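A.B. asks: Here it is: the structure, laid out below.
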Amino acid sequence: MRPTPRIDVDGVSVSPDHFINGERQASSRTFEDRSPLDWSWKLADVARGGEPEADLAVTAALGAFLPWSSLSTEQRGAFLHRLAELIDRDVDQIAHLESLDMAMLEESLRLRVIARGARNFRAYADLARNYASRRWSSNGTQNTVLRMPAGPTVVITPWNAPFMLSTWKCAPALAAGNTVVLKPAEWSPLSCSLLMDLVAEAEFPPGVFNMVQGYGEEVGAALVNDPRVRRISFTGSPETGRSIGEAAAKHLIPFTAELGGKGPFLVFADANLEAAAEKAAVMYDDAGQVCLAGTRLLVESSARSQFVRLFESAAKGHRLGDSRDPTTTISPLIHPDHLARVAGFVERARTNGDAILFGGTVGVAGGLWYQPTLIEPRSNESEIVQREVFGPVLTIQTFEDESDAIRLANSTPYGLSAIIYTGSEARAQRLGERLRAGTIWVNCFLVRDLTAPFGGTGISGVGREGGDYALDFYSDLKTLQIKEGTTHG
Ligand code: NAD
């Protein structure tokens with residue numbers, strides 16, 4: 001369908017359409033996109049794709065695959081570097097639009113999160129170029145491992161940090177020589193549309209990098225069920241991860257899934273308790289809508305009272321407000337349904353006899369804010385300990401010694417991240433060996449090296465992305481064996 005006119009969202013011009021084969025395309029149906037800052041504010045009517053749009057996008061990605069995969073890593077890298085420069089140029093407007101669309105703090109988007117999108121493209125352009133093929137001789141042959149681009153790749157992302165999380169997956173897929181169809185989440189679809197403007201400006205060949213908008217169960221399901229797709233990379237909830245895994249299995253398509261978290265935040269008595277309490281209060285940032293957050297505070301019993309005092313005072317420093325205001329630290333939740341979900345968890349905890357130590361109510365009448373909340377559960381089996389809330393709700397429990405701490409830390413079905421505060425490096429090493437998590441931070445949080453593997457265990461994920469791990473996933477590895485003594489000619 002012919003493109004819809006671009007719209008102006010608070011000074012940012014954005015297309016509400018898909019981006020397929022290098023062109024904007026509308027759909028006959030649309031869905032409403034509203035701002036969590038003020039639910040009466042409709043930002044856009046966004047194209048609502050279905051099977052036909054999924055089919056067009058995969059056809060475009062398939063058509064562009066051979067020429068794109070035949071380019072050298074240097075040639076593909078040049079496109080990725082150009083895109084990174086354009087993201088850096090437009091950081092302010094991307095950050096502004098995303099803060100209206102999903103309510104993450106604008107300053108943190110501007111200074112940190114959107115710039116990471118540019119870093120993702122640069123990092124993978126360079127990693128793909130510098131790949132050192134593994135070579136060795138055995139059984140009278142010279143062996144070489146080669147990477148072969150896999151084919152059209154579907155990337156499906158969640159509503160929190162949509163721009164950064166999408167680039168984190170699309171960058172290695174493209175660098176490895178694959179073509180991409182991206183489907184952003186329907187609750188925050190707009191910043192990825194700006195990314196497509198930059199893809200056009202960077203003059204990517206048509207069909208190499210496509211995007212379709214719409215609901216997961218419609219266009220998302222159509223994409224993951226298309227047998228022409230050769231890789232699926234998903235970030236979102238474990239429930240959706242399961243259904244995407246089933247679709248992938250049907251056509252034997254390798255997939256990775258970065259899923260939910262319920263990370264432990266361990267505080268030992270030998271830690272700098274002020275620093276631990278300050279960092280624990282950071283878990284309320286972005287209204288707790290962070291998969292990697294350490295939402296289960298596990299504190300050595302001898303340090304409990306001192307830690308709770310320090311933590312309460314740090315948590316009081318939070319300020320609920322508009323994401324565009326730099327003094328705000330807690331933004332609204334993404335959607336009324338999500339606010340109801342978070343409130344529902346707390347109400348069930350109350351009914352269950354878990355103690356609400358502070359918070360436990362909505363933040364601003366008529367708005368989507370929720371108060372930072374701390375709950376002491378009646379038991380480790382309480383739902384509030386065992387299930388991801390994805391809101392500003394933490395639990396606190398105590399442990400007696402290191403093995404008790406490990407037992408509690410490993411006692412949920414999740415395994416995405418863990419945070420440890422301790423003054424002992426030897427203890428940090430011991431815990432690092434025994435905690436069940438994809439990423440473990442000691443005396444820090446969210447420090448990332450893009451070459452490190454990233455992912456979760458248990459219901460927190462399948463597979464690993466990051467660095468060469470991602471490039472391997474987006475490639476078919478093959479072994480070339482040449483009999484020793486084979487000569488030219
Ligand atoms: P979600 O699973 O509801 O949706 C994620 C995406 O999947 C959306 O784009 C949605 O449209 C799509 N989708 C839904 N059903 C689909 C289907 N049947 N087929 C294909 N696509 C479908 O998740 P969400 O609510 O958007 O995101 C929150 C979740 O994401 C939380 O659990 C959070 O922890 C997790 N998350 C994980 C990471 C990580 O790196 N591990 C990062 C961010 C968020």
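A.B. asks: Exactly one of these conditions fails for Arg129: (1) within 17 Å of the chain's Cα centre (by Cα); (2) within 30 Å of Trp68 (Cα to Cα). Give me its number.
C.D. replies: Result: Arg129 fails condition (1) only.
A.B. asks: Given the conditions (1) in contact (Cβ under 8 Å) with a residue 60 or more places away in the chain; (2) within 16 Å of the ligand (Cβ to nearest atom); (3) assigned to a strand (DSSP E or B), which single one is not true for Leu266?
C.D. replies: If we test Leu266 against (1) in contact (Cβ under 8 Å) with a residue 60 or more places away in the chain; (2) within 16 Å of the ligand (Cβ to nearest atom); (3) assigned to a strand (DSSP E or B), just (2) comes out false.
A.B. asks: Among what's in segment 1-32 and is under 17 Å from Val181 (Cβ atoms) and part of a strand (DSSP E or B), pick the residue that is most open to solvent (accessible area, probe 1.4 Å).
C.D. replies: Checked segment 1-32; the qualifying residue most open to solvent (accessible area, probe 1.4 Å) is Glu23.
Residues checked against (1) in contact with an Asp or Glu (Cβ under 9 Å, 6 or more places away or on another chain); (2) among the small types (Gly, Ala, Ser); (3) in a helix (DSSP H, G or I):
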| position | (1), (2), (3) |
| --- | --- |
| Val299 | no, no, no |
| Phe307 | yes, no, yes |
| Leu310 | yes, no, yes |
| Ser313 | no, yes, yes |
| Asp325 | yes, no, no |
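A.B. asks: Could you list, in sequence order, all residues of segment 182-210 that are within 17 Å of the chain's Cα centre (by Cα) and more than 8 Å from the ligand (Cβ to nearest atom)? Lay out the reasoning, then the answer.
C.D. replies: Our first condition is that a residue be within 17 Å of the chain's Cα centre (by Cα); within segment 182-210, this holds for 182-192, 195.
Within segment 182-210, Leu182, Ser188, Pro189, Leu190, Ser191, Cys192, Leu195 meet the criteria.
A.B. asks: Follow-up. So, in segment 242-255, of the ones that are surrounded by fewer than 24 Cβ atoms within 10 Å (Cβ to Cβ) and touching a residue at least 24 places away in the same chain (Cβ under 8 Å), which residue ends up nearest to the ligand (Cβ to nearest atom)?
C.D. replies: If we take residues in segment 242-255 being surrounded by fewer than 24 Cβ atoms within 10 Å (Cβ to Cβ) and touching a residue at least 24 places away in the same chain (Cβ under 8 Å), then Ala247 is nearest to the ligand (Cβ to nearest atom).
A.B. asks: Turning to a different aspect of this structure: Name, by its number, the condition in (1) free of Cβ contacts under 8 Å to residues at least 40 places away in the same chain; (2) open to solvent by less than 10 Å² (accessible area, probe 1.4 Å); (3) touching a Ser or Thr at 6+ places or on another chain (Cβ under 6 Å) that does not hold for Gly261.
C.D. replies: (1)
A.B. asks: For residues that are more than 15 Å from Thr395 (Cα to Cα) and crowded, with 19+ Cβ neighbours inside 10 Å, scanning just segment 336-361, find the one that is nearest to the chain's Cα centre (by Cα).
C.D. replies: Within segment 336-361, the match that is nearest to the chain's Cα centre (by Cα) is His338.
A.B. asks: Follow-up question, since we're still on this one. I'm told Ala281 meets every condition in (1) within 13 Å of the ligand (Cβ to nearest atom); (2) touching a Pro at 6+ places or on another chain (Cβ under 9 Å); (3) within 27 Å of Ala95 (Cα to Cα) except one. Can you identify the failing condition by its number?
C.D. replies: Going through (1) within 13 Å of the ligand (Cβ to nearest atom); (2) touching a Pro at 6+ places or on another chain (Cβ under 9 Å); (3) within 27 Å of Ala95 (Cα to Cα) one by one, Ala281 breaks only (1).
A.B. asks: Which condition number in (1) loosely packed, with under 14 Cβ neighbours inside 10 Å; (2) in contact with a strand residue (DSSP E or B) (Cβ under 8 Å, 6 or more places away or on another chain); (3) part of a loop (DSSP other than H, G, I, E, B) is the one that Lys42 fails?
C.D. replies: (3) is the only condition that Lys42 fails.
The values are calculated or read from the model by the stated rules, or taken from the named source; none is laboratory data. Predicted model, so just to flag it, every value in this text is computed and none were measured. Note that each Cβ is placed from the backbone with ideal geometry, even for glycine, and that neighbours are counted across all protein chains shown. What goes into the accessible areas is simple: the full protein's heavy atoms, side chains included, and nothing from ligands, DNA or RNA. Shrake-Rupley method; radii C 1.70, N 1.55, O 1.52, S 1.80 Å.
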